[in-house]
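Visitor: Sending over a structure as structure tokens; questions will come in a sec.
Values in this text are rule-based calculations from the coordinates and carry no lab data. Everything numeric here is computed off the predicted structure, so don't read it as measured data. Glycine gets a Cβ as well: all are built from the backbone with ideal geometry, and neighbour counts include every protein chain shown.
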Amino acid sequence: MAKRVESPSSINTFKQCKRKYYYNYIKKLPGVPNIHQVRGNMVHTILENFYDIDTSSFTRENYQLKCKEIIQKLSLHYWKQYEPKIKALHLSQDKERFYFEESMLMVMNWMNHFITDMEKVMEKNTISCQESFIKLTPVREQKYMSEKHSIRGFIDAIHYVEDEVHIIDYKTNARFDMKDSIKLQLAIYSLLYEELHGKMPHKVGIFFLRNKLKVMNVDQELIQLAKQEIELIHGHTSITEQEIDYPRTVTGLCKWSTGKCDFYDTCKPHSPINN
Ligand code: SF4
């Protein structure tokens, strides 16, 4: 059987619950859209497009205000654009307002960090706002594919900081720890980058949009972690596509107070017949 093309999400799903992987990636059952996904996509779009703005009227005196005004306008624009998807979730008006305001807070938090970076870059290099803006503009939404490892990934932002390469992913998570699934995602990005460019990135990290940027150094140990996990999943998924070979892992992630796994109703993990 040919190797499947995996991704950080598919590997993390496989590690969490093989049955969930089976439903999602082999049977390709549709997932259930939720506000966290929709809002996450919207925020990513806002940040991606922010770097394309016209900065010609920026001065040292006015750029902070202009950046804030622009990102607010972009947020309103994309909230409108995502409205059909948000409406389809049938949230109450209060909930909708809550998620809108929370999204604005995340974007403004990111903007405050961006402004701090702009200040540092201008001061250090004695350059204009426009030049600093260009210096801080990352390569965005880059697709990486490895035939050798049969894996692909989309990297949110690649920053060139002095002589260093930093790979950054944006997350709207409520928790800010570098849990194992995040570390593995970053390890895979490091491997993909190294394979294409012939050298490792220097740092990888997550911009937790409710908090701040957290980075870690890239070393051979991290690359090795990615290789091991990729080999493990291929060792399983390239041998069998039978449901029985993808057992359930029943945990609190099947169903919790405010939600459930996308495939809960198909899986019925708590049905006596499955236990
Ligand atoms: S409901 Fe639980 S056991 Fe079933 S697929 Fe989802 S996570 Fe796995």
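Visitor: Helix 180-197 sits at what angle to the longest principal axis of the chain, using alpha carbons and giving 0 to 90 degrees rounded to 10?
Guide: Computed tilt is about 70 degrees.
Visitor: Provide the three semi-axes, in whole Å and in decreasing order, of the ellipsoid equivalent to segment 1-94 as defined by the square roots of 5 times the Cα gyration tensor eigenvalues.
Guide: 37, 19, 10
Visitor: Using Cα centres only, tell me the gap between segment 17-70 and segment 80-148 in whole Å.
Guide: 7 Å
Visitor: Which angle between 0 and 90 degrees, to the nearest 10, do you get for helix 93-125 versus the longest principal axis of the chain when only C-alpha atoms count?
Guide: Computed tilt is about 50 degrees.
Visitor: Which parts of segment 147-165 would a label at Lys120 reach, counting a residue when its backbone N lies under 17 Å from a point 7 Å out along Cα-to-Cβ?
Guide: Residues 158-165 qualify, since their backbone N sits under 17 Å from the label point.
Visitor: Hey, got the Cα dimensions of segment 221-275 along the principal axes, in Å, largest first?
Guide: For segment 221-275, the Cα spread along each principal axis is 39, 27, 17 Å.
Visitor: May I ask you to order 89-95, 142-148 by the average number of other C-beta atoms within 10 Å around their residues, highest value first?
Guide: Peptide ranking by packing, descending: 142-148, 89-95.
Visitor: Next up: Calculated from DSSP H runs of 4 or more alone, at -39500 (n - 2.57) each and per residue, what is the 222 nm mean residue ellipticity of the chain, nearest 500?
Guide: It comes out at -15500 deg cm²/dmol, rounded to the nearest 500.
Visitor: Among Ser190, Ser128, which comes first, second and so on when ranked by fewest other beta-carbon atoms within 10 Å?
Guide: In increasing order of surrounding Cβ atoms, one gets Ser128, Ser190.
Visitor: What are the GluC sites (Glu not before Pro) within segment 151-225 that DSSP puts in a loop, where the Cβ has at most 11 other Cβ atoms within 10 Å?
Guide: Glu162
Visitor: Once the Cα atoms of helix 63-81 and of the chain are each reduced to a long axis, what angle between those two axes, in degrees from 0 to 90 to the nearest 10, is obtained?
Guide: So the inclination is approximately 40 degrees.
Visitor: For the residues Trp110, Trp79, Trp256, what sequence is obtained by ranking on other C-beta atoms within 10 Å, fewest first?
Guide: Lowest to highest Cβ neighbour count: Trp256, Trp79, Trp110.
Visitor: What number, in percent, do you get for the relative contact order of the chain if the mean sequence gap of Cα pairs under 8 Å and at least 6 apart is divided by its residue count?
Guide: 23 percent
Visitor: OK, next. With bins 10 Å wide starting at 0, give me the P(r) of the chain over every alpha carbon pair, in whole percents.
Guide: Percent of pairs per bin, in order: 6, 24, 30, 25, 11, 3, 0.
Visitor: When the dipole is taken about the Cα centre of the chain, and only Lys, Arg (+1) and Asp, Glu (-1) are charged at their Cβ, what size is it in debye, to the nearest 20?
Guide: 980 debye
Visitor: Also, I was wondering about something else. Can you give the extra length, in nm with one decimal, that the chain gains between Glu162 and Lys73 once fully stretched, where that is 0.36 nm per residue apart less the Cα-Cα distance?
Guide: Here the segment from Glu162 to Lys73 would lengthen by 28.9 nm.
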